[in-house]
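Here's the structure, in structure tokens; my notes come after.
The values are calculated or read from the model by the stated rules, or taken from the named source; none is laboratory data. All of these numbers come straight from a predicted model, not from anything done at the bench. Cβ placement follows ideal geometry from the backbone for every residue including glycine, while neighbour counts extend to all protein chains displayed.
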Amino acid sequence: MRIRLFAIIILALGLFVPVFGRNVGRNTLIGPGVFNLDGSLLKNFYFLESKYLQFRFEAFNALNHPNWGNPSVNITNANSFGTIGGTRGNMRQLQLALKLVF
């Protein structure tokens, strides 16, 4: 732990020192969590036995919750290291659709 922290400080200062364990394991850095709620409502209007009109309402990210992106891990730029520069995913999207099934 101390060797890795020391290596990060050395690299952040722009000095190169050979260190042990340069490979970082999987899931070492953890970013903010993701919360997303999607939903849909539909209604079928039958006008013949095998033919109907389907009305659909769909909502993606229905609560419009911001999902923050991962922090910057670029150690060469001290101003942006560790900062979150935006969001991942899209804002709320709503759509209506009519579908004729025959």
(message) If I filter segment 39-53 for residues that are surrounded by 13 or more Cβ atoms within 10 Å (Cβ to Cβ) and modelled with pLDDT of 75 or more, do I get at least one hit?
(response) yes
(message) Could you tell me how many of the residues in segment 70-80 are closer than 13 Å to Leu29 by Cα and surrounded by 14 or more Cβ atoms within 10 Å (Cβ to Cβ)?
(response) 2
(message) Cβ-Cβ distance below 7 Å, separation of 6 or more or different chains: which pairs start in segment 24-38 with a residue that is under 19 Å from Gly82 (Cα atoms) and end on one that is assigned to a loop (DSSP other than H, G, I, E, B)?
(response) Leu29/Val73; Gly31/Asn70; Val34/Asn67
(request) Could you list all residues from segment 93-102 that are loosely packed, with under 10 Cβ neighbours inside 10 Å and closer than 18 Å to Asn61 by Cβ? (result) Leu96
(request) Can you tell me which residue among Asn67, Asn90 is within 13 Å of the chain's Cα centre (by Cα), modelled with pLDDT of 85 or more and surrounded by 12 or more Cβ atoms within 10 Å (Cβ to Cβ)? (result) Asn67
(request) Spot the failing condition for Phe57; the list is (1) part of a loop (DSSP other than H, G, I, E, B); (2) among the hydrophobic types (A, V, I, L, M, F, W, C); (3) surrounded by 13 or more Cβ atoms within 10 Å (Cβ to Cβ), and only one is missed. (result) (1)
